[in-house]
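Quick notes on the structure that follows.
The values are calculated or read from the model by the stated rules, or taken from the named source; none is laboratory data. This one's a predicted model, so the numbers in the text were calculated from it and none came from an experiment. With ideal geometry, Cβ positions are generated from the backbone for all residues, glycine too; neighbour counts draw on all protein chains shown. The area values use the complete protein model at the heavy-atom level, side chains included, leaving out ligands, DNA and RNA. Shrake-Rupley method; radii C 1.70, N 1.55, O 1.52, S 1.80 Å.
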Amino acid sequence: MKVHETRSHAHMSGDEQKKGNLRKHKAEGKLPESEQSQKKAKPENDDGRSVNGAGDAASEYNEFCKAVEENLSIDQIKEVLEINGQDCSAPEETLLAQCQDLLFYGALAKCPLCGGTLICDNEKRFVCGGEISEWCSCVFSTKDPPRKEEPVKIPDSVMNSAISDLIKKHQDPKSRPKRELGSADKPFVGMMISLMGRLTRTHQYWKKKIERNGGKVSNTVQGVTCLVVSPAERERGGTSKMVEAMEQGLPVVSEAWLIDSVEKHEAQPLEAYDVVSDLSVEGKGIPWDKQDPSEEAIESFSAELKMYGKRGVYMDTKLQERGGKIFEKDGLLYNCAFSICDLGKGRNEYCIMQLVTVPDSNLNMYFKRGKVGDDPNAEERLEEWEDEEAAIKEFARLFEEIAGNEFEPWEREKKIQKKPHKFFPIDMDDGIEVRSGALGLRQLGIASAHCKLDSFVANFIKVLCGQEIYNYALMELGLDPPDLPMGMLTDIHLKRCEEVLLEFVEKVKTTKETGQKAEAMWADFSSRWFSLMHSTRPMRLHDVNELADHAASAFETVRDINTASRLIGDMRGDTLDDPLSDRYKKLGCKISVVDKESEDYKMVVKYLETTYEPVKVSDVEYGVSVQNVFAVESDAIPSLDDIKKLPNKVLLWCGSRSSNLLRHIYKGFLPAVCSLPVPGYMFGRAIVCSDAAAEAARYGFTAVDRPEGFLVLAVASLGEEVTEFTSPPEDTKTLEDKKIGVKGLGRKKTEESEHFMWRDDIKVPCGRLVPSEHKDSPLEYNEYAVYDPKQTSIRFLVEVKYEEKGTEIVDVEPE
């Protein structure tokens, strides 16, 4: 075996260094200056007792801790913990702190959420070291932990020690003081901060603010935690003070760090407010979870996808440049990707394992494991193996080490059982993810120039076959990691995601949990979800609105993008062979541009303009203008003749991301994935439309810098019986089973006197939006739901452009 490259970083954290220095100072019989400065004389009464009782207890505890550390061995400490039912698996320094707390304040009871062991975290709170489930570590946190109401048990070896009398003094639960932890709302405790340049507030203001929040201000950069500067200092090139800070490797941050830390009562990550490290050769190099979400999104969006699917050789190996291919034997492809998201521990990591064959070379094994968005610190190695069987055995061993399961049962039958603290496989499909296989910006012009389709239709297909709409959709959802192909997953993996979602939706509907137990339930689901749906920015979901946005809607988008990946395939090398016409044929549809002088075009424009209200982003409102209207006939969608045979037909608006359009045309509408008491999911697993273009426009609008979008107009047959609701129905299952047409009554409705018929018997509810009598409805506009895809037929795709109201956009023709 030959090792080409190894990269592994193991750094001692700031907390570990601080603890190490503290033990050293204690051993030398002195405290660091920062602690000495804090041991100031306390105000006293006439009898000499401290005014502050809590201060007395804290001082007594410090002396007690010193005595325990100096007189008890690590074996005695473990004995104390074991006999009192405490965990002894932590590092020695943690065990010492646990023992000191136990002997002085009493033995901690078990965690009320999971039954795990409680430990003190940075003198600010007690947290649990247990697990809620195999997916998520416990999230229990408190400043006042439960303690056993019984005397502390003392082993014989400690009873015979020099401090036995001191320990016995605290055995009785009645004589124990209550532990007062450090205040978490003083974010700058223990920090020395230096200020420079013209800030939005004066240096004197910030000096008082910093000191009030536990910190100190220094006029120099010697020994400081960070240097706070104005952005203007960077533009001017900085002063000698800033240069000195950079030379010493000190964080140089913006004033926003001070503002946010004070507002949030907690020191924010310095890396996220850095203003100068991008001046170095390697760029910022800030882990994505430490960055502002908007900055992280830019980095993930600009990152190239490194593995396009099950047969994709990982880009960083460089082996694809030598003709490398994924090793395959006995029907197995030796390429595995893993994910773990444990929000209880703050973990969000990935792992890649590949065996790669290269012409005229030995078998290569590639391994990479790291935190998402922190590539410089990932563990990475590429090894050459002369013995093929030995390489296969090592691959299987690594799989079991990473996932806690055997490789072959997983790869052949997808049998897997999630194990605590272990990764879970992301089941990649054998294809090319759309972020890799679709047309890039440079290829789009060449492809459309060689396309034999009508120019308007060619331009529309170009949008659906370009990388951009899929890149943006995944980026906005935080599902665009460059290391894993989230747009090329197997149906089995997508089904597993759907089952996890549906199971949790039912749990939410029936649970009576509140407080930290409810938080634990949501944290457990969130960890499961973002382990399966590998994300660049996982979050702990808290309510049904977040569940709809970040789980249900995200799942539907990823599912639809996977469909697009399979249909688009690899378009990177055939732009001269008219790939757009080829994909158009695969769609199995007929798309034609509607003449702007036709009655249909005028009807569509009138319907949109009459039922539209501006989309509001912050304080800016966006109007909309029609660019083109396309008529659609698809093999997967009921024809107009078929739908006209059904009763109670209405022409309605359907909102959709551009990234979902290809799937809608190719396969037809799918019902919502689940039932939630929020718009879009309120009526269960239904296809939901609206009579207001304003409602659909919310889904079609993506961002102010991407003003183009599409709205869908479809004919829906509501059936003979229509049930109306002004609040979420309690039982959507009956509606789904009986396929009853539903109308949700919103706070606004279209003026009925203005409605008209289209194509003889299809109602067009086109009318001015006016207030309805249902002022307490959760819906702003009317929503219509049908449960059978055969009751809907897409008729028009409306290309629109969102424009800031009050501004005039002039399209300039190229010379």
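May I ask for the percentage of alpha-carbon pairs in the chain that lie more than 44 Å from each other?
Summing the P(r) of the chain above 44 Å gives 42 percent of all pairs.
How many Å³ per residue does the convex hull of the Cα positions in segment 428-582 occupy?
Measuring per residue, one finds 110 Å³ for the Cα hull of segment 428-582.
Distance in nm between label sites at Lys586 and Gln222, each 7 Å beyond Cα in the beta-carbon direction?
The modelled label-to-label distance comes out at 6.8 nm.
Extent of segment 538-625 along each principal axis, from alpha carbon coordinates, in Å, largest to smallest?
That works out to 49, 41, 22 Å along the principal axes.
Just name one of Ser455, Ala303, Gly680: the one whose Cα is farthest towards the positive end of the charge dipole of the chain (beta-carbon charges, Lys/Arg +1, Asp/Glu -1).
Checking the options against the dipole of the chain, the answer is Gly680.
Quick check: residue separation of Thr239 and Arg125 times 0.36 nm, minus the Cα distance between them. What number comes out in nm?
37.0 nm
For the chain, with only Lys/Arg (+1) and Asp/Glu (-1) charged at the beta-carbon, what is the dipole magnitude about the Cα centre, in debye rounded to 20?
1380
So the label point goes 7 Å from the Cα of Lys790 along Cα→C-beta, right? Which residues of segment 754-780 then have their backbone N under 20 Å from it?
none
Excluding ligands and nucleic acids, what accessible area in Å² is computed for Lys329 using a 1.4 Å probe, to the nearest 10?
Its accessible surface works out to 60 Å², give or take rounding.
Return the tail of the calculated pair distribution for segment 172-231, meaning the percent of Cα-Cα pairs more than 18 Å apart. Each step should come with its number before you reach the end.
Numbers: 803 of 1770 pairs.
Tail of the P(r) past 18 Å holds 45 percent of the pairs.
Could you give the size of the charge dipole of segment 311-391 about its Cα centre, using +1 on the Cβ of each K and R and -1 on the Cβ of each D and E, expressed in debye and rounded to the nearest 20?
Working: 11 positive and 17 negative charges, 91 e Å.
Dipole size: approximately 440 debye.
At Lys169 and Asp56, where each label point lies 7 Å from the Cα along Cα→Cβ, what is the point-to-point distance in nanometres?
With each label point 7 Å from Cα toward Cβ, the separation is 1.3 nm.
In the full protein assembly as shown, how much of Arg397 is accessible to a 1.4 Å probe, in Å² to the nearest 10?
110
For segment 499-570, what is the per residue volume of the convex hull drawn over the alpha-carbon atoms, in cubic angstrom?
Convex hull of Cα atoms, per residue: 88 Å³.
Taking the solvent-accessible surface of protein heavy atoms with a 1.4 Å probe, what is the per residue accessible area of the chain in Å²? Mind showing how you got there, number by number?
Values: 39150 Å² over 815 residues.
Per residue, the chain has 48 Å² of solvent-accessible surface.
Test of understanding: what is the full-extension gain from Val626 to Glu92, defined as 0.36 nm times their sequence separation minus their Cα-Cα distance?
Answer, rounded to one decimal: 185.4 nm.
May I ask for the distance between the Cα centers of segment 719-792 and segment 156-214, given as a whole number of Å?
Between the Cα centres of segment 719-792 and segment 156-214 lies a distance of 60 Å.
Select from Ala554, His774, Pro481 the residue farthest towards the positive end of the dipole of the chain; place +1 on Cβ of Lys and Arg, -1 on Cβ of Asp and Glu, and compute about the Cα centre.
The one lying farthest along the dipole's positive direction is His774.
Report the full-extension gain for the segment His421 to Asp360: residue separation times 0.36 nm, less the Cα-Cα distance, to one decimal in nm.
Here the answer is 18.0 nm.
If R0 is 35 Å, what FRET efficiency do you get for Glu721 and Lys512 from their C-beta distance, rounded to 0.05? Please list the in-between numbers first.
Numbers: r = 35 Å, r/R0 = 1.00.
With a Förster radius of 35 Å, E is 0.50.
If I compute solvent accessible area with a 1.4 Å probe over the protein chains, what percent of it on the chain is carbon and sulfur?
47
Across 10 Å bins from 0, what is the distribution of all Cα-Cα pair distances for segment 592-742, in whole percents?
9, 35, 38, 15, 2
Summing Lys, Arg as +1 and Asp, Glu as -1, what charge do residues with Cβ under 14 Å from the Cβ of Lys738 carry, Lys738 excluded? Intermediate results must be reported in sequence, preceding the final value.
On the way: positive: Arg685, Lys733, Lys739; negative: Glu720, Glu721, Asp731, Glu736, Asp737, Asp788.
Net local charge, Lys738 excluded: -3.
How are the alpha carbon pair distances in segment 375-490 distributed across 5 Å bins from zero to the largest one, expressed in percent?
2, 9, 13, 13, 15, 14, 10, 7, 7, 6, 3, 0
Tilt of helix 599-610 relative to the longest C-alpha principal axis of the chain, in degrees (0 to 90, nearest 10)?
Long axis of 599-610 versus the principal axis of the chain: about 30 degrees.
Using each residue's phi in segment 254-267, evaluate 6.51 cos²θ - 1.76 cosθ + 1.60 at θ = phi - 60° and report the 3J(HN,Hα) Karplus result to the nearest Hz, with x for Gly and Pro.
Computed from phi, the couplings for segment 254-267 are 7, 4, 4, 4, 5, 4, 5, 5, 5, 5, 8, 6, 7, 4 Hz.
Give me the accessible area of Asp101, 1.4 Å probe, in Å² rounded to the nearest 10.
Its heavy atoms expose roughly 10 Å² to the probe.
What percentages make up the Cα-Cα pair-distance distribution of segment 192-273 when the bins are 5 Å wide from 0?
Histogram of Cα-Cα distances, whole percents per bin: 3, 15, 28, 30, 17, 6, 1.
So how far apart, in nm, are the two label points at Lys153 and Ala109 if each is 7 Å from Cα heading toward Cβ?
Simple spin-label model gives 1.8 nm for this pair.
For segment 70-175, what number results from the quotient of the Cα radius of gyration and 2.2 N^0.38 Å?
1.08
In deg cm²/dmol and to the nearest 500, what is the mean residue ellipticity at 222 nm of the chain if only DSSP H runs of at least 4 residues count, each as -39500 (n - 2.57), divided by the residue total?
-10000 deg cm²/dmol
If the reach is capped at under 19 angstrom between alpha carbons, list the aspartates and glutamates near Lys241, excluding any in the same chain fewer than eight residues apart.
Answer for Lys241, where 19 Å is the Cα cut-off: Glu233, Glu255, Asp274, Asp278, listed by chain and number.
Only Cα pairs under 8 Å and at least 6 apart count here; give the relative contact order of segment 730-793 as a rounded whole percent.
Working: 97 pairs, mean separation 27.0, N = 64.
After rounding, I find 42 percent.
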